[in-house]
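Throughout, read-outs are computed from the coordinates displayed, never taken from laboratory work. On a predicted model such as this, the values are computed, not experimentally measured, just so you know. Positions of Cβ are generated from backbone atoms using ideal geometry, with glycine treated the same way; all protein chains shown enter the neighbour counts.
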Amino acid sequence: MAKKTQLKKKQPRKKGKSNGRSRLRWLWAAGLFIYLAGLFYITLFAWNHGSSYGNLGPGGRNYNLEPFLSIYNILTFSDGPQDPLRILAGNVVLFLPFGFLLSASIESFRRNRKRYSLLSAVVMSAVVSTIIEVNQFLFTYRVANIDDVILNTAGGLLGALLYRFFSRKKGKNKKSKRK
């Protein structure tokens, strides 16, 4: 006689922390993906102008490989405080969401729940910013600038620090509610 195998009925998913956590993971990842799409659009396609503080490269393209040169020039030669604020702070603010969303995504997908280092956010911010600057040099007539990489990396670090601050604050609130 052949044994009949009984098919197990699928158990409905329990609504609880694991299901909500899974949704939150994908929400962070989707947010990071949407942000990156917007970032690449803004930095590579949105407009095609920039200051020409760097050397003229192949094909008439501008670049600057001397750290802090364009930051100094912008701070020194701008007519008013609006330009330095818009240009320099804009580069930092542009990467704040990257550091925040990257930190949230990495931490939500980690199984062991240990915090990853801030160095990861800094390295990834520098890598993404460098990719953008290389593409700006190769494919657009915008200025490829090492100072943008420095400022963007600082923005990624600040975003990661903001995430760490808010996640620790959230963790302290959970602990205080348990008492």
If each residue of separation counts as 0.36 nm, what is the full-extension length gain between residue 138 and residue 85 once their alpha-carbon separation is subtracted?
16.3 nm
Quick check: pseudo-label points 7 Å beyond the Cα along Cα→Cβ at residue 24 and residue 41, how many nm apart are they?
2.9 nm
Quote to one decimal, in nm, the extra length available between residue 127 and residue 110 on full extension: 0.36 nm per residue of separation minus the C-alpha distance between them.
4.0 nm
Which residues does a label at residue 167 reach in segment 122-147, if reach means a backbone N under 18 Å from a point 7 Å past the Cα toward the Cβ?
122-126
Taking other Cβ within 10 Å of each residue's Cβ, how do 107, 133, 66 sort, fewest first?
66, 107, 133
